[in-house]
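Heads up: the structure comes next, in structure tokens.
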Amino acid sequence: MPRHKTSYAALAVSAALLASCCGCSGADDVELGTDWKGSQTFVTASVSGYTVVVGINPGAHHAQALAVVPKKVGDDDVLAPQLVRLADGTWWLSTPRKGERPDRSFTLDTARHALDEKDDTERLRELVPGRSLVAAVHDSSGGDREAPAADGGTTGVLIRDAKTWKKVRDVRVPGPVTLAASDPSSDTVCLATGQGSDVKASVLDLTTGRTRQVGEAGGVRVQQLACPAGTPVLAGAPARISRGTALRVTLTNAEGATVLSAAGGRVDAVEASKDTVVVAVSTGQDSDLVELDRRTGRELRRATVEGMDSSSLLRHTRDGWVMVSDNTAAVVDLDKGTSRTFDLPGTLTSF
């Protein structure tokens with residue numbers, strides 16, 4: 001299933017997110033679990049003042065703190081860490097640092113139940129993994145990361161080899177990038193520039209460094225982006241909002257892009273494959289997970305997650321779709337139209 005990134009605006013976390021924990025693998029006041037084998041996806045969360053890696057076992061409907069992320073002087077306690085899965089299954093964790101210090105990066109060794117710290121690389125960029133290459137897209141959404149990202153209306157993208165992490169090429173793409181997504185089955189990345197209904201999409205070929213424009217939002221205030229096999233899926237709400245409207249999700253295909261519109265809700269996450277699009281839509285106090293046929297736009301399945309008013313992450317696992325909010329995770333079975341929620345051990349911090 002193609003990977004999707006929610007937004008370049010990092011999740012805001014409290015100033016007490018991290019506490020001093022240099023070189024430690026645990027902390028006395030953090031209870032670490034042992035369910036590494038059953039965990040099918042991972043996030044980071046703030047637990048008792050520490051940032052920890054949390055494993056989510058959708059089959060057992062539980063989430064456990066598994067490893068404490070070491071803290072060093074100069075770590076940024078406000079910007080969110082990023083935890084992504086590469087095409088080969090490796091989980092890569094990047095934690096931001098203050099000023100111009102390079103990020104600290106780790107790989108998650110699920111066999112040894114440990115975090116392996118890597119050499120310093122560069123300032124935090126949006127990691128967007130392809131099949132054999134990884135795009136590190138500069139964040140041009142604002143804050144102190146905007147200065148190195150944008151130059152004359154362009155955004156820098158550093159392309160690395162996913163296995164060796166060696167630099168392959170450094171390219172610039174048009175406009176400040178606001179959303180990015182990729183598909184681990186191909187070395188292409190979808191990019192979106194602009195805001196709201198003025199969003200334009202393009203596709204970056206990581207093997208050549210060439211970019212091509214493919215489509216626009218078509219009256220939809222774009223909130224999320226997916227990239228199945230290099231085709232952008234722009235998802236959001238209609239530019240004209242009709243209050244009190246029951247949730248209705250529609251899909252159109254035009255100009256090399258797919259545009260999905262959710263009337264009556266806010267699109268929090270979207271994932272897409274060759275044949276289907278799955279979108280998480282907040283309808284107020286609850287969220288709906290809706291699957292549509294990507295070719296015809298016909299709604300195939302739907303499930304409501306009661307009490308979950310947002311979804312920061314949406315991931316597919318063997319045991320169903322996993323949605324993650326601030327302190328809660330949900331496993332959704334679209335075949336049965338059912339969902340089950342359970343608590344995280346802390347507050348979600350990664351994106």
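The values are calculated or read from the model by the stated rules, or taken from the named source; none is laboratory data. Quantities reported herein were computed from a predicted structural model and do not represent experimental measurements. When the accessible area is computed, the model is the full protein with side chains, heavy atoms only, and any ligands, DNA or RNA have been set aside. Shrake-Rupley method; radii C 1.70, N 1.55, O 1.52, S 1.80 Å.
Calculate, for the chain, the solvent-accessible area per residue in square angstrom, rolling a 1.4 angstrom probe over the heavy atoms of the protein chains.
On the way: 14840 Å² over 351 residues.
Value for the chain: 42 Å² per residue.
Non-local amide H neighbours of Ala162 (under 5 Å, H modeled in plane, Pro and chain starts lacking H): which ones?
Amide H neighbours of Ala162, under 5 Å, 5+ apart: Leu133, Val134.
Please report how many Lys pairs in the chain have alpha carbons closer than 17 angstrom, counting only residues at least 8 apart along the chain or sitting on separate chains.
Lysine pairs meeting the criterion: 8.
Hey, what do the phi angles of region 294-307 turn into as Karplus ³J(HN,Hα) couplings, whole Hz, using 6.51/-1.76/1.60 and θ = phi - 60°, x for Gly and Pro?
Residue by residue, region 294-307 yields 6, 7, 9, x, 6, 6, 9, 8, 8, 9, 9, 9, 6, x Hz.
Across region 253-265, in residue order, what do the Karplus-derived ³J(HN,Hα) couplings come to in whole Hz, using 6.51 cos²θ - 1.76 cosθ + 1.60 with θ = phi - 60° and x for Gly and Pro?
Once θ is set to phi - 60°, the couplings for region 253-265 become 10, 6, 6, x, 9, 10, 10, 10, 10, 10, 7, x, x Hz.
Per-residue HN-Hα couplings for region 51-56, Karplus 6.51 cos²θ - 1.76 cosθ + 1.60 at θ = phi - 60°, whole Hz, x for Gly and Pro?
Computed from phi, the couplings for region 51-56 are 8, 10, 7, 10, x, 10 Hz.
Any chance you could list the semi-axes, whole Å, largest first, of the equivalent ellipsoid that the Cα gyration tensor gives for the chain, using √(5λ)?
Numbers: eigenvalues 175, 131, 64 Å².
Ellipsoid semi-axes (Å, largest first): 30, 26, 18.
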